[in-house]
Amino acid sequence: MLRRFLRAILVGPEAPQLRRFFLVGSLAAGFQTAMLGTLVEWANLQYLLAALVSIEITILLQYGVNNRWTFGAARHSGLDEYLHGLVRTNLVRGSAIPIQIGILYLLVSAAAIPYLVANGVGIVISGVYRYLLESRWTWQGWQERN
């Protein structure tokens, strides 16, 4: 599975889109992790609540960048399209939150892994799931209806 994924990044028909999604996701993961650390260390929020807040803010940021750059050919340009896509991306990414938060909680509480490292693991594991749904539903669904 990993081998197939790596090959798809390099030569598959979705390679440019997948690379862009990966780059946006990587930058967003860094942003989310920095925000998580800031909320926990400076705002004294409990790490799971801070993770939820940082995930949602990152969802909004990623949607804007992915809509404009990653999935530019299927861009949601009108207000209705944009808001519809934003709802869809929140459903997709929102459905990945339990995966990411569950991994975060499990690694911190059961394995005593630092919360920032555990968050990174959760981001990576839930990332494949998010890409598959985003590329096949958030952007493609709108084109099929119009």
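What follows draws every value from the coordinates through simple rules; no lab data is involved. In this text, all values refer to a predicted model and were calculated from it rather than measured experimentally. When we count neighbours, we look across all protein chains shown, and the Cβ atoms used for this are built from the backbone with ideal geometry, even at glycine.
Listed values, structure above:
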read-out: Convex hull per residue volume in Å³, alpha carbons only, for the range 3-123; value: 111 Å³
read-out: Chymotrypsin sites (Phe, Trp or Tyr not before Pro) restricted to DSSP loop in the range 10-105 with at most 12 other C-beta within 10 Å; value: 42
read-out: Net charge over other residues, Cβ less than 12 angstrom from the Cβ of residue 26 (K, R count +1; D, E count -1); value: +2
read-out: In nm, spacing of pseudo-spin labels at residue 82 and residue 38 (7 Å Cα→C-beta vector); value: 2.4 nm
read-out: Potential lengthening between residue 56 and residue 106 on full extension [0.36 nm per residue; Cα-Cα distance subtracted]; value: 16.0 nm
read-out: Cut-off under 5 Å, modelled amide H: who pairs with residue 113 long-range; value: 108
read-out: Net charge contributed by nearby residues that have their C-beta within less than 13 Å of residue 50 (K/R +1, D/E -1); value: -2
read-out: Length added when fully stretched, residue 20-residue 90, from 0.36 nm per residue minus Cα-Cα; value: 23.3 nm
